[in-house]
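The values are calculated or read from the model by the stated rules, or taken from the named source; none is laboratory data. Note that the structure is a prediction, hence the values are computed from the model and not measured. Every residue, glycine as well, gets a Cβ built from its backbone with ideal geometry; the counts of neighbours run over all protein chains shown.
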Amino acid sequence: MPLTNPWLTGPTPDRDLPREVLEERILNLFSTHNTAVIATVLADGSPVATPVRYFSLGFEIFYTSWNASVKSRNLRRDARVSAGIVAPLVGQASSRGAQLFGTARTLERNDPEADTYWEAVRWQSDHVDRGRSVLEPPTDPLTIVTPARIVYTEHWLRRDGYRPRQTWRPDGTSSGGHVRVSAD
């Protein structure tokens, strides 16, 4: 059987991407996908993972949600959150995704800070699908996930001699690609 991606063989590279390149790749992933799995914690400590359609501004992702939803109730009790975004996987060479670890906050529609986020939400198509007027914006709250750490994975990076797993933090520090299991 022919080896289609010989750069995947051998030892895994251990070089970090330059920060600006890592940031560009993360933002590209956020902009080219729209589904994330949001993980919250139930009152008994067990995890709940929910797929959502997200939007992004910078390194924050956000989504609409009802205040009565399980994930919203969980986040009111414990704002810690994890989110996973993954590109379609064909094989090892196409493995690409991000794990966000941080906190979430919910902004009601009348919160002045919500306007900036709502400008990035493409709600008009939903209104058309549901037979609602595009002249009447939604009144739903938005939940914003602010990462303290993003673990970005892209095995194609090995081709250029970079480790396939890179860690981004807002303060510019890096964990050298090593990932702890617990969230910060």
> So, in the range 127-146, of the ones that are in a loop (DSSP other than H, G, I, E, B) and acidic (Asp, Glu), which residue ends up farthest from Ser65 (Cα to Cα)?
Replying inline: Glu136
> Among the numbered criteria (1) modelled with pLDDT of 95 or more; (2) in contact with a Pro (Cβ under 9 Å, 6 or more places away or on another chain), which single criterion is violated by Thr12?
Replying inline: (1)
>> On the basis of being within 20 Å of Pro141 (Cβ to Cβ), among the small types (Gly, Ala, Ser) and assigned to a strand (DSSP E or B), does Ala36 make the cut?
In response: yes
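For residues that are surrounded by 11 or more Cβ atoms within 10 Å (Cβ to Cβ) and β-branched (Val, Ile, Thr), scanning just the range 127-152, find the one that is farthest from Val86 (Cα to Cα). Lay out the reasoning, then the answer.
Of all residues in the range 127-152, those surrounded by 11 or more Cβ atoms within 10 Å (Cβ to Cβ) come to 127-128, 132, 134, 137-138, 140-152.
Pick out the ones that are also β-branched (Val, Ile, Thr) and you get 128, 134, 143-146, 150-151.
On the way: Val128: 28, Val134: 31, Thr143: 20, Ile144: 19, Val145: 16, Thr146: 18, Ile150: 13, Val151: 12 Å.
Checking each candidate, the answer is Val134.
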>> Any residue at all in the range 162-171 that's polar (S, T, N, Q), surrounded by 19 or more Cβ atoms within 10 Å (Cβ to Cβ) and in contact with a strand residue (DSSP E or B) (Cβ under 6 Å, 6 or more places away or on another chain)?
In response: yes
> Is the range 67-77 home to any residue that is of a type in the set (A, V, I, L, M, F, W, C) and in contact with a helix residue (DSSP H, G or I) (Cβ under 8 Å, 6 or more places away or on another chain)?
Replying inline: no
> Which is closer than 25 Å to Gly97 by Cα, touching a Phe, Trp or Tyr at 6+ places or on another chain (Cβ under 8 Å) and surrounded by 15 or more Cβ atoms within 10 Å (Cβ to Cβ), of Val52, Val41?
Replying inline: Val52
> Do you know which of the residues in the range 106-126 that are in contact (Cβ under 8 Å) with a residue 12 or more places away in the chain and not in a helix (DSSP H, G or I) is surrounded by the fewest Cβ atoms within 10 Å (Cβ to Cβ)?
Replying inline: Arg122
>> Regarding the range 49-65, can at least one residue be identified that is assigned to a loop (DSSP other than H, G, I, E, B), at pLDDT below 95 and over 18 Å from the mean Cα position of the chain (by Cα)?
In response: no
